[in-house]
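Have a look at the structure below, then the notes.
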Amino acid sequence: MAGYGKIHDQPAAGAMYDAQPAPPYAAAGSGYGGQQQYGQAPYAQQPYAQPYAPQQPYAQPYAQQPYAQGYPPPHQQQQQSYAIHPSFASNAQPPSHPPPPMQGGSSSDKINKEPKYKDLWAAILFGVCFAGFVVCAYFGIRDLKFADANEGSGDAPKKDGEFVVPPAKDIGGIMGATIGAGFVLSALYFVLMQKFAGKLIKVSLVFQIAVLIALAVYYFYIGATVAGIIWVVFAGLLAFFFWSWRDRIPFAKLMLKTVTKITRQFPATLLVGFIGLVVETAFSALWLATFAGLMQHFDDKQSGSGVRYVAIVFMLFIFYWVTCVIGNVVHVTTSGLFAAYYFTGTVSGPGGKVSIPSRNPTAQSAKRALTTSFGSICFGSLIIALLQTIRALLRSAASQAADDGNIGAALCAACAQCCLGWIEAIIEYFNKWAFVQVAIYGKDYITAAKDTWRLCKSRGIDAIINDSLVATVLSMGSLLVGFICGFIAYLYVHFSDNIPSETLHYVVFCLLGVFFGVAEFAVLANVIDSGVTTTFVCLAEDPAALYRTKPEVYEKIREVYPEVMLAV
C-alpha cells in the first residue's frame, strides 16, 4: 500500500508505506519562473497512491468527502507513521493529522494543457472603450479653459473666510509631512500586525463597538433619540457577533501573522499596490480634466442635451470600469504571489525561511494578470462598473425629482439605488474570491464564479467571519493613520506664517492629510486582504499542498481551525 512514505526526499525509518515521488510543481523548470504555468496544472494536488485519492473535481459539489477505504478517520490518525520533514528537529514531531483523502480527479483535469487567453472579448471591449476615452480626452483637454485667478478681483484684499492658496513651499511641506508620516505609521502598524496580531484583533473589535456607542451618546446628547437607539442596537448586535466569533480569533490571528510574514519577505507586493495607487490617481486626474473640458466644449458648440447626456453616461461608465480594472489587476497579481508561496514554497535554510522556485514570482504573476487573465479581470470589473453607473444615474434622477417636487419618483429612485447598492456590494465581495481562482488556476470568469459559489456553500460562513475579523484590524489601522496624518496637517497650518489660521484652511488641509494617510495605508491593507483571501482559498481546496511543503504551518492551522481537515 502506498502513502506518505517520503516527504521532501527524506526516507522514513520503519515507514509503513512506500515512497511517493515529489510533486511536479516542486521540480525545476516549471511554472512561476521555474513553476508550472496555468496550462500545466500549476497548483494541482497530485494523485496519491491508495489510500490517498486525488483532489475532488470542481464539477462535483463541495462537501466533506468520505474517507478512502483503508484510511482511518481523523481521530485514529495519530497511530499512523509518517516520514519526518527535514525542518523538524530531533526533539520535534511531525504533524499528526495529515489532510484527508479526496475522491475524484486531480486539478490537472480542469486546467488546459497550455496557457490561453480567457474572456478575450472583454479585454477587446475594454480596449475599444478606453480608446473612446482617449478621443474624449483629446477634445476635452484641448478645449479646457482655466479661469484667471485674478479675474474680477484685481488687487482687492482677500475677505475673511475666503480661501487663500498658500505658497508652493507650504503646499509641498504639508504634502511631504503627511506622506512621510503616513509611510512611517503604516510601517509601524504593519510590524504591530505581525508581532501582536491577536491583541490587535481584540482591540479593534472593542474599538468598533466603542465608536458606535460614542455615536449613540452624541445623538442622545443632541436630542435625536431615535438615531441614538439605532446606534445602540447596532453596537449590541456587533458585540453579540464578536462574542460569538471569539473562538475564531486564533485562526484569524494565525492567518494575519502568516500573511504579514509573507509580505515582509516579498515586499514587491507592496510595490505593486503602490503602482496601482499611482496609476489610479493619475487616471482620476486625467478623467476630471477631460470631463471638465468636455462640458466646456459642449457649451462652446451649443450641443444638444442628448449628446451631452450620452457623453456624461459614457464618462461615468469608463471611470468606474478603468478604476475597477486597476484595483483587480493589483488583487490578482498579489493573489498569484501568495498562491505561489502556498503551493511551491518550501522551507529552506535557518529561521524557517520559505523559498519559491522563481527569481521574481511577483513579476510573473503580474505578467499573467496583464495578459492571459486580463480578459477575466475586465469581465468581472464590467459587471461592477455597470451597476455603479446605473446607481449614479439613479442618484441624479432622485435629486432631480426631489427638486421638481415629485416625491414619489424621488423615493422610488432612492429605493432602487439602495437595492442596487446591496447587489453591488455582494458582487464585489464575490468577485474578490472569484479573482483568486483566476489568479491561481487561470480560469475564465464564469468558471471561477461557479467554483467560488461552490466554495461559498461549503466554507462561506468561515470565510465571512475570518474576513470580518481581519477587516476590523485593517479598518482601525486606516482610521488611526488617517487621523494622525490629518492632525499633522493641522499642526503645520497652525504654526505656518503663510497660511491663515481660519476654519476653512484647517478643514481643507486636514482633509488633505487624512486622504494621503488613508491612501497610503490602503496599499498595505489591500495586499493583506488579498493574501488572507488567497490563503483561505488554497487551504479550502488543497490542504495537502501545505502539509507537503510547510508541515509546521499546517499543524498550527489545524490546531486552531480543525475544518482544514475537511477539504472541499
Could you please tell me the mean projected area of the C-alpha convex hull for segment 210-336, averaged over all directions and given in square nanometres to one decimal? 13.7 nm²
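Round to the nearest 0.05 the FRET efficiency obtained for ILE141 and CYS415 when R0 = 41 Å and r is the Cβ-Cβ distance.
0.60
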Going 7 Å from the Cα of PHE483 along its beta-carbon direction, which residues of segment 209-249 have the amide nitrogen within less than 14 Å of the resulting point? 209-215
Descending principal axes extents, segment 490-568, alpha-carbon based, whole Å: 64, 21, 19
Given a 1.4 Å probe and heavy atoms of the protein chains only, how would you sort SER355, SER501, largest accessible area at the top? SER501, SER355
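Rounded to two decimals, what is the ratio between the C-alpha radius of gyration of segment 369-527 and 2.2 N^0.38 Å?
Working: Rg = 21.3 Å, N = 159, 2.2 N^0.38 = 15.1 Å.
My calculation over the Cα atoms of segment 369-527 gives 1.41.
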Using a Förster distance of 35 Å, how high is the FRET efficiency between PHE241 and LYS450, based on the Cβ-Cβ distance and rounded to 0.05? 0.75
Sorted by packing (mean other beta-carbon atoms within 10 Å per residue), highest first, where do 193-200, 433-440, 369-376, 475-482 land? 433-440, 369-376, 475-482, 193-200
Counting heavy atoms of the protein chains only and a 1.4 Å probe, report the per residue accessible area for segment 321-458 as a whole number of Å². 40 Å²
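What is the gain in length, in nm to one decimal, between VAL278 and ASP300 on full extension, counting 0.36 nm per residue of separation less the C-alpha to C-alpha distance? All intermediate terms of the calculation are to be shown ahead of the outcome.
Working: separation 22, 0.36 × 22 = 7.92 nm, distance 3.31 nm.
Net length gain for the segment: 4.6 nm.
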Per-selection Kirkwood Rh - segment 441-519 (Cα, Å, 1 d.p.): 15.9 Å
Of all the accessible heavy-atom surface of segment 396-545, with the other protein chains kept in place and a 1.4 Å probe, what percent is carbon and sulfur? 71 percent
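Summing Lys, Arg as +1 and Asp, Glu as -1, what charge do residues with Cβ under 15 Å from the Cβ of SER478 carry, SER478 excluded?
Details: positive: none; negative: GLU520, ASP529.
Charge balance near SER478 sits at -2.
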Expressed to two decimals, segment 319-421 has a Cα Rg over Rh, using the Kirkwood radius, of 1.31
Return P(r) of segment 367-413 (all Cα-Cα pairs; 10 Å bins starting at 0; whole %; ordered from short to long distances). 27, 27, 19, 15, 11, 1
7 Å from Cα along Cα→Cβ at both VAL191 and ILE423: what's the point-to-point distance in nm? 4.8 nm
Dividing the Cα convex hull volume of segment 182-247 by residue count, how many Å³ per residue is that? 86 Å³
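Just to be sure I understand: if I project the alpha-carbon convex hull of segment 289-341 onto a plane and average over all orientations, what area do I get in nm²?
Over all viewing directions, segment 289-341 projects a mean Cα-hull area of 4.1 nm².
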No solvent, one uniform scatterer per C-alpha: report log10 I(q)/I(0) for segment 258-399 via the Debye equation at q = 0.09, 0.13, 0.19 1/Å, two decimals. -0.42, -0.71, -1.10
Work out, step by step, the length gained on full extension between THR225 and GLU552: first 0.36 nm times the residue separation, then minus their alpha carbon distance; give nm to one decimal. 112.3 nm
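Note down the net charge around VAL329, summing +1 for each Lys or Arg and -1 for each Asp or Glu among other residues with Cβ under 13 Å from its Cβ. All intermediate terms of the calculation are to be shown ahead of the outcome.
Working: positive: LYS367, ARG368; negative: GLU280.
Charge balance near VAL329 sits at +1.
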May I ask you to work out the translational diffusion coefficient for segment 398-472 at 25 °C, viscosity 0.890 mPa s, via Stokes-Einstein with Rh from the Kirkwood sum over Cα pairs, reported in whole µm²/s? 166 µm²/s
Using θ = phi - 60° and the Karplus relation 6.51 cos²θ - 1.76 cosθ + 1.60, list the HN-Hα couplings for segment 123-135 in order, rounded to whole Hz, with x at every Gly or Pro. 5, 5, 4, 4, x, 5, 5, 5, 5, x, 5, 4, 4
Could you calculate the FRET efficiency of TRP121 with THR503 from 1/(1 + (r/R0)^6), where r is the beta carbon distance between them and R0 is 41 Å, rounded to 0.05? 0.20
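The values are calculated or read from the model by the stated rules, or taken from the named source; none is laboratory data. Just so it is clear, the model here is predicted, and its values are computed rather than measured. Cβ: placed from backbone, ideal geometry, glycine included. Neighbour counts: every protein chain shown. Only protein heavy atoms, including side chains, enter the accessible area calculation; ligands, DNA and RNA are left aside. Shrake-Rupley method; radii C 1.70, N 1.55, O 1.52, S 1.80 Å.
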